[in-house]
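Undergrad: Quick one: structure below, then a few questions.
The values are calculated or read from the model by the stated rules, or taken from the named source; none is laboratory data. Everything numeric here is computed off the predicted structure, so don't read it as measured data. Every residue, glycine as well, gets a Cβ built from its backbone with ideal geometry; the counts of neighbours run over all protein chains shown.
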Amino acid sequence: MRQLSLAAIFLAVFASTAASSQAPTDNDQTMRAMRDEMARSKARLELQIPPSGKPVRPYYIEYRLLDMDVREVVAEYGALVTSTHNRNRLMNVAARVGDYKLDSSNFISEEGFRGFIGPSGNVGIDRDYDSLRQDLWIATDQAFKEAVETYSRKQAYLSSLARQSDIEDFSRVEAIQHMEPLATSDWSNRNWEQEARETSAALRVFPQIYESRVMYYLVYTTEYLLTSEGTEVRSNHSFAAIEAGMNTLADDGMQVNHYYSAYAPRPADLPGVEAVRKQLNVAGSELMGMRSAPTASDYTGPVLFESRAAAALVAEALGPSLSGARPPLAFQAVVEQLMSSLGARSDWSAKVGARVLPETVSLVDDPSAKEYKGTLLIGGYAIDQEGVPAEKVTIVANGKLKNLLMSRRPGSDFEASNGHGRAAFGIDARPTMSNLFFTASETLSKDDLKKKFLDACRSEKLDYCIVVRQMDNPSISVMHQEDFTDLLASFGGNAATDRLPLVVYRVYPADGHEELVRGARITGFSPRSLRNIEGIGNDDYVYNYMQNQSAGIAGTALGAFGTAQNGLPASVVAPSLLFEEVEVRGARGEPKRLPILPEPPMTPKGSK
Amino acid sequence: LNQQTSATLRRRSYLSLSILLVAGVAFPGVPRLAAATPDSQEKPSPLFEVMKAELDRSMKTLGTQDPPAYFVSYTITDTQRVTVSGSNGALLNSDEGRNRWLEVAVRTGSYDLDNTHKVDGRQPPNGGPGTNAPLDDDAEVLRRAIWLETDKQYRAAAEAFIKIKAGKEVKVQTEEGRAPDFSREKPHVFTSSWASFTLDRKPWEQRVREYTSYFRQSAAVINSIITFTAQAQNTLQINSEGSQLQFGQVRYRLELFIQGKAADGMDIDRYYNFDWVNAGDAPDDKAVYAAAAQLRKEMEGLVVSPLNDPMVGPALLTGRAAAVFFHEVFGHRAEGHRQKDVNEGQTFAKKVGEPILPSFLSIVDDPTMKKLGKQDLLGYFQFDDESVNGERVVLVDHGVLKSFEMSRSPLAGFPHSNGHGRRQIGAAPVSRQGNLIVESNKTLTNAELRAKLVELIKQQGKPYGLLIDDIAGGFTFTGRGQPQAFQVEPLVVYKVFADGRPDELVRGVDIVGTPLAALTKIVATGDTPEVFNGYCGAESGYVPVSAAAPAILTSELEVQKKQTSTDRPPILPPPAHDAAKAGGLR
């Protein structure tokens, strides 16, 4: 076993591929090794705790294993940069001490136990019996000791509190057995390296784009789960992504970025070269437009989010609110505050029955959905990471909050899981959306919505109003760590309510002309901002994206958008949304210095 | 000196709160690349043309800026790498990859005073570790990468230089501080054939499975990892002084690593590495199993061995242990830049021409040596990372300190580099060791050395002496703010008794001391040099080095108790060694 580095464990559960019911006839010893080590651990794992000498045993043990087959191809301007193909197996063992009511979980303690090997690691890829037994043995030992340590810290902390919560720590579920036959990776007969070269070459026509990069990321996984409660799962998943970032500097030194992304349940479903070249050309042209566009000014007034932007806005603003699980107990108040300021607290907890969206709006999360009007969705799965069958959940009906997404961690409103415990591998499962549908019973046509928007603009006597065509995903569009760090710092305490629009236009009601602007930011946009919506379009957009799973900000508004490498697939379907009053902040921040030398030449190249 | 290859950092993880800012040089596995491999004729890479064009353009403009760039260099490192790892009897991973990394160095100011000048002992920030360069030989794409990276490095160098000039005027300069910041060296033009290898991973996949399953036979081994790596690294380097270098090297390595735990919770690791250069020199099964058996035996002994008490007394270090000892205790202190830095202890700065070792010992650092006896030396290189050819340097001649390992950061009295400016990809070069070779003309056979050890034990009236057979990379304080002490961690230590009792394996000791005192206590050496190959970590990252020394007998060595883990040993026995077999008791 090789211990996992933190960076290695951001890999998640993907859209479940079709399962057939035939019995496995492979030579996969994984489940047998897990069962045997589980049996031994359940029967004999025990520690005497020094003062009392009282024996402590785990009441719950969970073995998870992720078998990954990953191809990653990166190209820029038609030249290959890297191309890798790796197969890895990651193991994660969790143990809980205490009981369902109060256990060792869900506690951020001052300092954790660090075993010298640890409960997570890279394990052998042979699907053999003996090496996995050895690895599970030591990982179980470490997980159990960590749990004992955390449990005693948590008890000590709880005893210092005046009032203790009566919410239980872990909900019970019925054990399930679900064994899919092993799937083999299908890379299709497409030449991914050549596709990356050809698509990335599309940006050669924009010599003023300083940097650009196109990544193909293709993944097949087999996930294993065995719990001491008797749940046994072996399931196959796949996922494919194309992500491209690009940047330049405006003449005043402002950095402007753009991105393109496409996601699909399987590599074969990814768009082909010409389609990607076309989209990259659109993004490149927009970036060139932004480069010479005027900077945004401060603005308060009507804002129309066209459906592509609206779907991303819904994902970003509502994502954290959908969770019904109790947030972790933190040893230090400062951690609690940090989590709150990042937007990790659900705005909707303890609001069941209250109106949280307009009365015409419903919100449904459906992990079983595969497509929407011909567009493939990527957020689906059959069984969540805690071995709970996924359920379709009506979160909001006619504007009123009915349900929240639940993992096995109970919250103040609901106790039982509805099969939404998801997370990147190695991270505790938390309630997370899959395919989220934002639907309205009263909608407007595109023209009517535009008219309503312009009317609102005129009645406010504004010279122009703002239309947002696309939201940013800085995890993809920002290509350098230092720039990303600067961006994070710029949020300050507003990380939970600042939103980053990418393609923003001013629309002048006098003559209807539009003007692209750069550097705009939306501020003060909380889940409450969605309670009142002036107009809802009938133009649903399917926004496929990756929910960020990076440590620290996963599950927060700030971490809404991630990348194929660090994210969890999700889809949001939403129409255009018109808001009466949104605050837009104009461009801020230090300009960069323009390069001293002009850019060297770049000759356009076609595909093939 | 870190014996294990450092974990390579992979992809960006921007949002991670534990952001790793070190040189993110990855060696991603790339299977069967379609990218063209330059042919192996001894002709310069076509990439030089575009590197030269952009270098000329940059110098022309940046050389007239304020502050001016007076030196620019471009380095492209093309790395082909195969990694095959096994653990506990199974294959862990098997990857092949290729990667090209671009580094741009820009110096602003002048050779006498430039942007690298330390102020208050602090190294001014540079513009980062570099960037990926395309694997395809696309001149325009490479040129764009060089353009942006040059601009970035110039900005950082200009900013640093302006700050240095502002700070320098008010600082009183030490004598060492008067040496220029960058030495003038004659340019080199050199082209060697492109280094590459082809290999079938399958046999190695089977070998790492079998070797690691051998360790599962021992209940003392909790975890085992064996890693085979093959790496071909080719460097293209040009600079504004006229150097144009193309050189490359293939290296193979097999590393054996096992972990165990003593009953009191102390973590115990054992490690062994084979390094070779020609594919045909790979260790055979017999050699690997012999090393594995030795590690296993030591692990089984160590997990049940007693903790040793602190003591001061005579000790015998076997060759490999002595080699690491010299690397840590002497070699790092003979690195030129440490004599210059006001924050450094400068242990040897004022000792040139003075005896620092017994007169029967001489030490050279010779990166031009490919082998010592039959053993390949990992510290061999043709050119260092500052376009200077590696030279043999006599550091100590019959006990008298003569010189230092020099990079292009000169010292008063040592105005030139001797080709020891080295770095891990992404870091700025500093003076580092290559092949540190300890030579002796007072040699004894192993039996004579041991007899002499026993004699010393009796003479000093000690109950026992120590036999130290393996030393881990320790850490050595060279900074002025810290005690001028060293601490190295011996991994395999035996008590040797004067009364003829069998040796007793012990654990839990660190060797401590001060270098000037420790080195003079050496009384005799063995007659056979042994080689240690490893990767040494310091300011400029990990670089491959060798150290070679005969066994040494010292009249006085101090050991102290080492910090131990409070973790408990595993509760259950290993699955393969559980008397209650298979599924356990239900």
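Undergrad: Within the stretch A:497-553, track down each residue that is within 18 Å of the chain's Cα centre (by Cα), farther than 24 Å from A:Ala250 by Cα, part of a loop (DSSP other than H, G, I, E, B) and away from chain B (no Cβ under 14 Å).
TA: Selection gives A:Thr497 alone.
Undergrad: Moving on. If you take the residues of the stretch B:269-314 that are over 26 Å from the mean Cα position of the chain (by Cα) and acidic (Asp, Glu), which of them is nearest to B:Leu256 (Cα to Cα)?
TA: Looking at residues that are over 26 Å from the mean Cα position of the chain (by Cα) and acidic (Asp, Glu), I get B:Asp285.
Undergrad: Would you be able to say whether some residue in the stretch B:197-205 is more than 9 Å from chain A (Cβ to nearest Cβ), touching a residue at least 12 places away in the same chain (Cβ under 8 Å) and under 30 Å from B:His577 (Cα atoms)? Give the steps one after another, and end with the answer.
TA: So in the stretch B:197-205, the residues more than 9 Å from chain A (Cβ to nearest Cβ) come out as B:197-205.
If we keep only those that are touching a residue at least 12 places away in the same chain (Cβ under 8 Å) too, we end up with B:197, B:199, B:201, B:204-205.
Restricting the remaining residues to those that are under 30 Å from B:His577 (Cα atoms) gives B:204-205.
Among the residues of the stretch B:197-205, at least one is more than 9 Å from chain A (Cβ to nearest Cβ), touching a residue at least 12 places away in the same chain (Cβ under 8 Å) and under 30 Å from B:His577 (Cα atoms), which makes the answer yes.
Undergrad: State which residue is farthest from A:Met31 (Cα to Cα) when the search covers only the stretch A:232-252 and only residues that are within 21 Å of the chain's Cα centre (by Cα) and of a type in the set (Ser, Thr, Tyr). So that I can check it myself, show each step before the final result.
TA: Just the residues of the stretch A:232-252 that are within 21 Å of the chain's Cα centre (by Cα), to begin with: A:235-245.
In the following step, the residues that additionally are of a type in the set (Ser, Thr, Tyr) were identified as A:235, A:238.
Values: A:Ser235: 12, A:Ser238: 21 Å.
Top of the filtered list is A:Ser238.
Undergrad: For the stretch B:116-135, name all the residues that are buried (at least 21 other Cβ atoms within 10 Å of the Cβ), under 29 Å from A:Gln208 (Cα atoms) and touching a residue at least 60 places away in the same chain (Cβ under 8 Å).
TA: Of everything in the stretch B:116-135, those that are buried (at least 21 other Cβ atoms within 10 Å of the Cβ), under 29 Å from A:Gln208 (Cα atoms) and touching a residue at least 60 places away in the same chain (Cβ under 8 Å) turn out to be B:Gly130, B:Leu135.
Undergrad: Okay, next question. From the list A:Arg127, A:Arg133, A:Arg163, A:Arg153, pick out the single residue that is touching a helix residue (DSSP H, G or I) at 6+ places or on another chain (Cβ under 7 Å) and either surrounded by fewer than 20 Cβ atoms within 10 Å (Cβ to Cβ) or not in a helix (DSSP H, G or I) (or both). Outline the logic, then answer.
TA: Details: A:Arg133 fails: either surrounded by fewer than 20 Cβ atoms within 10 Å (Cβ to Cβ) or not in a helix (DSSP H, G or I) (or both); A:Arg163 fails: touching a helix residue (DSSP H, G or I) at 6+ places or on another chain (Cβ under 7 Å); A:Arg153 fails: touching a helix residue (DSSP H, G or I) at 6+ places or on another chain (Cβ under 7 Å).
None of the other options fit; the residue is A:Arg127.
Undergrad: Could you look through the stretch A:187-205, keep only residues that are more than 9 Å from every other protein chain (Cβ to nearest Cβ) and closer than 24 Å to A:Pro601 by Cβ, and pick out the one that is surrounded by the fewest Cβ atoms within 10 Å (Cβ to Cβ)?
TA: Ranking the qualifying residues of the stretch A:187-205, first place goes to A:Val205.
Undergrad: Output the residue which, of all residues in the stretch A:83-92 that are crowded, with 24+ Cβ neighbours inside 10 Å and not small (Gly, Ala, Ser), is nearest to the other protein chains (Cβ to nearest Cβ).
TA: Start the filter on the stretch A:83-92 by keeping residues that are crowded, with 24+ Cβ neighbours inside 10 Å, which leaves A:83, A:89, A:91.
Imposing the further condition that a residue be not small (Gly, Ala, Ser) reduces the set to A:89, A:91.
Details: A:Arg89: 8, A:Met91: 11 Å.
Filtering the stretch A:83-92 for residues that are crowded, with 24+ Cβ neighbours inside 10 Å and not small (Gly, Ala, Ser), the one nearest to the other protein chains (Cβ to nearest Cβ) comes out as A:Arg89.
Undergrad: While we're on this one: Test A:His480 against the stated conditions and say whether it is at pLDDT 90 or above and surrounded by 16 or more Cβ atoms within 10 Å (Cβ to Cβ).
TA: Numbers: at pLDDT 90 or above: yes; surrounded by 16 or more Cβ atoms within 10 Å (Cβ to Cβ): yes.
Yes, satisfied.
Undergrad: Answer yes or no: is there a residue in the stretch A:268-291 that is touching a His at 6+ places or on another chain (Cβ under 8 Å) and among the charged types (D, E, K, R). Before the answer, list the steps.
TA: Here is the first cut: in the stretch A:268-291, the ones touching a His at 6+ places or on another chain (Cβ under 8 Å) are A:283-284, A:286-287, A:290.
Checking which are among the charged types (D, E, K, R) leaves us with A:286.
Yes, the conditions are met somewhere in the stretch A:268-291.
Undergrad: May I pose another question? A:Glu72 passes all but one of (1) surrounded by fewer than 19 Cβ atoms within 10 Å (Cβ to Cβ); (2) in contact with a His (Cβ under 9 Å, 6 or more places away or on another chain); which number fails?
TA: Here A:Glu72 meets the rest and fails (1).
Undergrad: Considering the stretch B:361-392 alone, what residues qualify as being crowded, with 22+ Cβ neighbours inside 10 Å, farther than 25 Å from B:Asn239 by Cα and either more than 17 Å from the chain's Cα centre (by Cα) or among the hydrophobic types (A, V, I, L, M, F, W, C) (or both)?
TA: Within the stretch B:361-392, B:Leu361, B:Ile363, B:Leu377, B:Leu378 qualify.
Undergrad: How many residues, within the stretch B:330-370, are of a type in the set (Lys, Arg) and either closer than 16 Å to B:Glu439 by Cβ or part of a loop (DSSP other than H, G, I, E, B) (or both)? Even if it seems obvious, please write down each step before you answer.
TA: Filtering the stretch B:330-370 for residues of a type in the set (Lys, Arg) gives B:333, B:338, B:340, B:350-351, B:370.
After this cut, where a residue has to be either closer than 16 Å to B:Glu439 by Cβ or part of a loop (DSSP other than H, G, I, E, B) (or both) as well, the list is B:350-351, B:370.
So the answer is 3.
Undergrad: Same structure again: Kindly provide the set of residues from the stretch B:70-93 that are facing chain A (nearest Cβ under 8 Å) and assigned to a strand (DSSP E or B), ordered by number. Reasoning before the result, please.
TA: If we filter the stretch B:70-93 for residues that are facing chain A (nearest Cβ under 8 Å), which is where we start, we get B:85-93.
Matches in the stretch B:70-93: B:Ser85, B:Gly86, B:Ser87, B:Ala90, B:Leu91, B:Leu92, B:Asn93.
Undergrad: Right, here's the next one. Tell me, which residue of the stretch B:94-115 that is in a strand (DSSP E or B) and free of Cβ contacts under 8 Å to residues at least 60 places away in the same chain is surrounded by the most Cβ atoms within 10 Å (Cβ to Cβ)? So that I can check it myself, show each step before the final result.
TA: Initial filter on the stretch B:94-115 (in a strand (DSSP E or B)): B:94-109, B:114.
Narrowing the set further to residues that are free of Cβ contacts under 8 Å to residues at least 60 places away in the same chain leaves B:100, B:102, B:104, B:106, B:108.
Details: B:Arg100: 24, B:Leu102: 22, B:Val104: 26, B:Val106: 27, B:Thr108: 29.
Ranking the qualifying residues of the stretch B:94-115, first place goes to B:Thr108.
Undergrad: Another one. Within the stretch B:525-576, which residues are over 25 Å from the mean Cα position of the chain (by Cα), away from chain A (no Cβ under 14 Å) and closer than 20 Å to B:Asp267 by Cβ?
TA: Residues satisfying the conditions are B:Gln560, B:Lys561.
Undergrad: In the stretch B:512-527, which residues are touching a strand residue (DSSP E or B) at 6+ places or on another chain (Cβ under 7 Å) and at pLDDT 90 or above?
TA: B:Lys521, B:Ile522, B:Val523, B:Ala524, B:Thr525, B:Gly526, B:Asp527
Undergrad: If you check every pair at least six apart or on different chains, which have Cβ atoms under 7 Å apart with a residue in the stretch A:28-40 that is under 17 Å from A:Thr231 (Cβ atoms) and within 7 Å of chain B (Cβ to nearest Cβ) first and a residue that is part of a loop (DSSP other than H, G, I, E, B) and among the aliphatic types (A, V, I, L, M) second?
TA: Close Cβ pairs satisfying both conditions: A:Asp36/B:Ala582.
Undergrad: Further question on the same structure: Pick out, from the stretch A:1-112, the strands (runs of 3 or more DSSP E) lying fully within it that include 1 or more residues that are touching a Lys or Arg at 6+ places or on another chain (Cβ under 8 Å), modelled with pLDDT of 95 or more and small (Gly, Ala, Ser). It would help to see each step written out before you state the result.
TA: Details: elements: A:47-49, A:54-56, A:58-76, A:79-97.
The strands (runs of 3 or more DSSP E) meeting that bar are A:58-76, A:79-97.
Undergrad: Between a first residue in the stretch A:51-79 that is on the phi > 0 side of the Ramachandran plot and a second residue that is modelled with pLDDT of 95 or more and part of a strand (DSSP E or B), which pairs have beta carbons less than 8 Å apart while being 6 or more apart in sequence or on different chains?
TA: A:Tyr77/A:Ser212
Undergrad: I'd like to check something: does the stretch B:56-69 contain any residue that is in contact with a Leu (Cβ under 6 Å, 6 or more places away or on another chain), modelled with pLDDT of 95 or more and within 9 Å of chain A (Cβ to nearest Cβ)?
TA: To start, the set of residues in the stretch B:56-69 that are in contact with a Leu (Cβ under 6 Å, 6 or more places away or on another chain) comprises B:61, B:69.
Still in the list and also modelled with pLDDT of 95 or more: B:61, B:69.
Among the residues that remain, those that are also within 9 Å of chain A (Cβ to nearest Cβ) are: B:61.
Looking for residues that are in contact with a Leu (Cβ under 6 Å, 6 or more places away or on another chain), modelled with pLDDT of 95 or more and within 9 Å of chain A (Cβ to nearest Cβ), one finds at least one in the stretch B:56-69, hence yes.
Undergrad: Counting residues that are at pLDDT below 95, which helices (runs of 4 or more DSSP H) fully inside the stretch A:265-379 reach at least 1?
TA: Details: elements: A:273-291, A:307-318, A:333-341.
Once the helices (runs of 4 or more DSSP H) in the stretch A:265-379 are filtered for at least 1 residues that are at pLDDT below 95, what remains is A:307-318, A:333-341.
Undergrad: Within the stretch A:214-247, how many residues are crowded, with 22+ Cβ neighbours inside 10 Å and farther than 28 Å from A:Asp384 by Cβ?
TA: 4
Undergrad: Suppose the filter is of a type in the set (Asp, Glu), under 28 Å from B:Val250 (Cα atoms) and buried (at least 21 other Cβ atoms within 10 Å of the Cβ); does B:Asp138 pass it?
TA: Against the criterion (of a type in the set (Asp, Glu), under 28 Å from B:Val250 (Cα atoms) and buried (at least 21 other Cβ atoms within 10 Å of the Cβ)), B:Asp138 qualifies.
Undergrad: Any residue in the stretch A:154-167 that is in contact (Cβ under 8 Å) with a residue 60 or more places away in the chain, touching a Pro at 6+ places or on another chain (Cβ under 9 Å) and not basic (Lys, Arg)?
TA: Yes - at least one qualifying residue is present in the stretch A:154-167.
Undergrad: Name the residues in the stretch A:382-422 that are surrounded by fewer than 24 Cβ atoms within 10 Å (Cβ to Cβ) and hydroxyl-bearing (Ser, Thr, Tyr), would you?
TA: Across the stretch A:382-422, the qualifying residues are A:Thr394, A:Ser412.
Undergrad: Inspect all residues belonging to the stretch B:538-552 and state whether any of them is touching a residue at least 40 places away in the same chain (Cβ under 8 Å), part of a loop (DSSP other than H, G, I, E, B) and surrounded by fewer than 21 Cβ atoms within 10 Å (Cβ to Cβ). Full working, then the answer.
TA: First, pick out the residues of the stretch B:538-552 that are touching a residue at least 40 places away in the same chain (Cβ under 8 Å): B:538-552.
The next check asks that each one be part of a loop (DSSP other than H, G, I, E, B); those that pass are B:539-540, B:550-551.
When the remaining residues are screened for being surrounded by fewer than 21 Cβ atoms within 10 Å (Cβ to Cβ), the result is B:539.
Within the stretch B:538-552 (the criterion being touching a residue at least 40 places away in the same chain (Cβ under 8 Å), part of a loop (DSSP other than H, G, I, E, B) and surrounded by fewer than 21 Cβ atoms within 10 Å (Cβ to Cβ)), the answer is yes, since at least one residue qualifies.
Undergrad: Failed condition for A:Gly512, given (1) in contact (Cβ under 8 Å) with a residue 60 or more places away in the chain; (2) surrounded by fewer than 17 Cβ atoms within 10 Å (Cβ to Cβ); (3) at positive phi, with all others met?
TA: (1)
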